[in-house]
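Novice: Handing you a structure now.
The values are calculated or read from the model by the stated rules, or taken from the named source; none is laboratory data. Bear in mind that the values here come from a model prediction, so they are computed numbers and not experimental data. Because the Cβ atoms are built from the backbone with ideal geometry, glycine has one as well, and the counts that use them run over all protein chains shown. When the accessible area is computed, the model is the full protein with side chains, heavy atoms only, and any ligands, DNA or RNA have been set aside. Shrake-Rupley method; radii C 1.70, N 1.55, O 1.52, S 1.80 Å.
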Amino acid sequence: MRPAIFSRRRLRRCCGPALALLAAGCAQPPQAPVDRAERFADAYVQLLPLGRLMDHAAAQDPRWPLAEKAALVSDAQMGCMREALSSRSVTPRQRQTAREYAQTHTATLEADLQVLESGAARLIGNAMLAGAQGHATMADATPAEVDALAAFATEPRFSTLRQATGLDRMLGAHTRNATDARQRGRDAGHALLVKAMTDAFLRCHIPVKLLY
C-alpha cells in the first residue's frame, strides 16, 4: 500500500497545479466555436459597413471629414484621423467587437446568425451604403430576405442584437417599405459615422466641436 500512497502524493505534488488549471478551465462558460464567431464577425461587418462608408467619403474629398475646417488642424492630426477612420482600422475593431459578442451570447448566437445571414445583414448594410450614395435600395431583395429584415427589426428576441449593433432606435415596424428603409439606412449610417468620428477625434487630440 505504501508505494500507492507515495505515488498519489507524488501525483498531487507534481501535477496539482496543472490539474487545478484544468478544473478551472472546465468551469468556464461555454465558448462559441471559432467558425461561428468568424461567421458572426462577417455578418456584423456586412450589417455595419462602416469601413466602406468611410473609404467612400474619404475618396471624395482629401479634406474629409473636416472639409473647410481642415486648415484648423495639423497635417499629423489629419493623417491620424483619416487613418483611424479607414477600413484598415475600423474593420478589425468591428470584427473584434463581433467576436466578443459571439463569445458572450452563445445561447442566442445561432438565431442571431440565422437572421443576419438570411438577409437582414445584407439589406441593412446595402441600405446604409445606398443612403450615403443616394441610390435606390431593396429592389433586389427576396421575400425571405425582407422577412429576415422585419424579424431583426421588430422581434423582441433580437433586441439584444439590435442594441449591440446600435440599431435598436433606428429600426421599426415599417422597414418593409423601400423608401423608409433607404431613409432609415441613411440615418443609421450617419449616426454610426458620427460615433466613430467622435472616437477618432478624441484619439487624435482634435477638438470634437470641429465635427459640427
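Novice: Packing-wise, with mean Cβ within 10 Å as the measure, how do 48-61, 111-124, 154-167 rank, highest first?
Specialist: Result, highest mean first: 111-124, 48-61, 154-167.
Novice: Okay, next question. Roll a 1.4 angstrom probe over the protein heavy atoms and tell me the percent of accessible area of the range 50-147 that is carbon or sulfur. Before the final figure, lay out each step's value.
Specialist: Details: 2600 of 4830 Å².
Here it works out to 54 percent.
Novice: Let me ask something else about it. Ranked highest first by average number of other Cβ atoms within 10 Å, how do 96-108, 77-89 line up?
Specialist: Final packing ranking: 77-89, 96-108.
Novice: Can you tell me the order of 196-202, 146-152 when each peptide is scored by its average per-residue count of other Cβ atoms within 10 angstrom, highest first? Intermediate results must be reported in sequence, preceding the final value.
Specialist: On the way: 196-202: 18.0, 146-152: 20.4.
Listed from highest to lowest mean packing, they are 146-152, 196-202.
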